[in-house]
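Written out below as structure tokens is the structure these notes cover.
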Amino acid sequence: MSSTMDISSILQGGYAHPLTRSWQSQSRSLTKEMLMYPIFITDNPQEESVIESLPGQKRWGVDRLEEFLTPLVAKGLASVILFGVPFNLEKDPVGSNASSPTTPVILAIKKIKSLFPKVLIAVDVCLCEYTSHGHCGVLDAEGLIDQEKSVKRIAEVAVDYAKAGAQVVAPSDMMDGRIRDIKRGLMDAGLANRCALMSYSAKFASCLYGPFREAAGSAPSFGNRKCYQLPPNARGLARRAIVRDINEGADLIMVKPSLPYLDIISSASQLAPDHPIACYQVSGEYAMVVAGAEKGVYDLKEMAFESVEGFVRAGATVILTYFTPQFLDWLDEGRE
Ligand code: PBG
Ligand code: ZN
């Protein structure tokens, strides 16, 4: 695949895997194939630790993945998205360990691929778990985002994950221009026809990421993410970001969070009618649904279905949710 080829010429990355092929049909009712399960991978190979902020979720070491995933795969788990949680690896200003050969997500890609060759492996691409300052990009001398250095580094990381065997790379950093650089990087590495690029296109600066940041140890050490994640009131910016990322070569478009942004999911499905649309029911949404059920406000299963069916109704065809293990049971049980 020549790097002189146009980005818009590349379609094969979006249907290289049986599951990405299934995502090309725009289903309007929830199936197991639509569910992608977010998993936290630590660099302690034996670890299995409870995440207080995310009831029922744990951080997993690479050596524990077999026992953890075997029952889920038996129930029909089709895809996972991996997040690295480095406890021992050193953090530096450019996030060098995001893609070192021993970083936990790279080890996990290889492990999951060898254990469960049919499970599609997506990997979140960001620097915040690996940078000393905890921001999602590389900073300049003033502590502001250096756009050029950021996208260069993020594209390197994405290509390294694809080289390790990831079938979807999913940049969540929100740096301008990273989709183009990642696609170019995949093309130059000869991987653009093998790996799909799922853009967190409309990712808002939400208060609903708190439990995740606790789980991943990725809160910024100063400031916030409002200069790169979108303002929650910004429907126009979200629409522009979606259109931009389509033009820069995204194979899937994601909206995040989900429940407060159903209008944006709907916009995405209108602006990108020919792309699979993903949405992320983020950590705070999950914790909120669970907390309400614990308070007796509603039944957990009913509310989990009602939320996800809202996403599907709005136009989502791929759903990232911490409820995935439960849905694998619930979808078999049927409903009243
Ligand atoms: C890293 C990243 C975050 C989430 C996904 N990737 C946190 C953030 O942007 O601060 C949030 C996921 C969740 O809350 O479940 N950039
Ligand atoms: Zn980040």
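Of note:
- Some residue of segment 173-186 being within 16 Å of ligand 2 (Cβ to nearest atom), out of contact with any Cys (no Cβ under 8 Å at 6 or more places or on another chain) and of a type in the set (A, V, I, L, M, F, W, C): yes
- Subset of segment 130-165 [within 15 Å of ligand 1 (Cβ to nearest atom) and either closer than 23 Å to A215 by Cβ or of a type in the set (K, R) (or both)]: Y130, T131, H133, G134, H135, C136, G137, R153, I154, V157, A158, Y161
- In segment 1-14, the residues that are assigned to a helix (DSSP H, G or I) and either in contact (Cβ under 8 Å) with a residue 60 or more places away in the chain or not hydroxyl-bearing (S, T, Y) (or both): I7, S8, Q12, G13, G14
- Of the residues making up segment 125-179, those that are of a type in the set (D, E, K, R) and closer than 22 Å to C279 by Cα are E129, D173, D176, R178.
- Among the residues listed as T321, T317, the single one being more than 15 Å from ligand 1 (Cβ to nearest atom), β-branched (V, I, T), modelled with pLDDT of 95 or more and buried (at least 17 other Cβ atoms within 10 Å of the Cβ): T317
- Selected residue (only one of G284, G223, G210, G296 is over 29 Å from G185 (Cα atoms) and without any contact (Cβ under 8 Å) to a residue 24 or more places away in the chain): G296
- Strands (runs of 3 or more DSSP E) contained entirely in segment 21-86, each with at least 1 residues that are in contact (Cβ under 8 Å) with a residue 60 or more places away in the chain: 35-42, 58-60, 79-85
- Qualifying positions in segment 128-158 - on the phi > 0 side of the Ramachandran plot and surrounded by fewer than 16 Cβ atoms within 10 Å (Cβ to Cβ): G143
- Residues that are aliphatic (A, V, I, L, M) and closer than 14 Å to G315 by Cα, drawn from segment 265-298: I265, A268, L271, A272, I277, A278
- Any hit, segment 194-203, residues being among the aromatic types (F, W, Y) and either modelled with pLDDT under 95 or near ligand 1 (Cβ under 10 Å from one of its atoms) (or both): yes
- Verdict on A241 being surrounded by 16 or more Cβ atoms within 10 Å (Cβ to Cβ), touching a residue at least 24 places away in the same chain (Cβ under 8 Å), over 22 Å from I182 (Cα atoms) and among the small types (G, A, S): no
- Elements of type helices (runs of 4 or more DSSP H) contained in segment 103-198, each with 3 or more residues being among the small types (G, A, S): 147-164
- Flag for P220 being outside any helix (DSSP H, G or I), away from ligand 2 (no atom under 16 Å from the Cβ), over 17 Å from the mean Cα position of the chain (by Cα) and of a type outside the set (F, W, Y): no
- The C-beta contact set for segment 142-159 (first residue in contact (Cβ under 8 Å) with a residue 24 or more places away in the chain, second residue buried (at least 24 other Cβ atoms within 10 Å of the Cβ) and of a type in the set (D, E), distance under 9 angstrom, 6+ apart or interchain) comprises S150/D173; V151/D173; I154/D173.
The values are calculated or read from the model by the stated rules, or taken from the named source; none is laboratory data. Computed from a predicted model, the values in this text were never measured in an experiment. With ideal geometry, Cβ positions are generated from the backbone for all residues, glycine too; neighbour counts draw on all protein chains shown.
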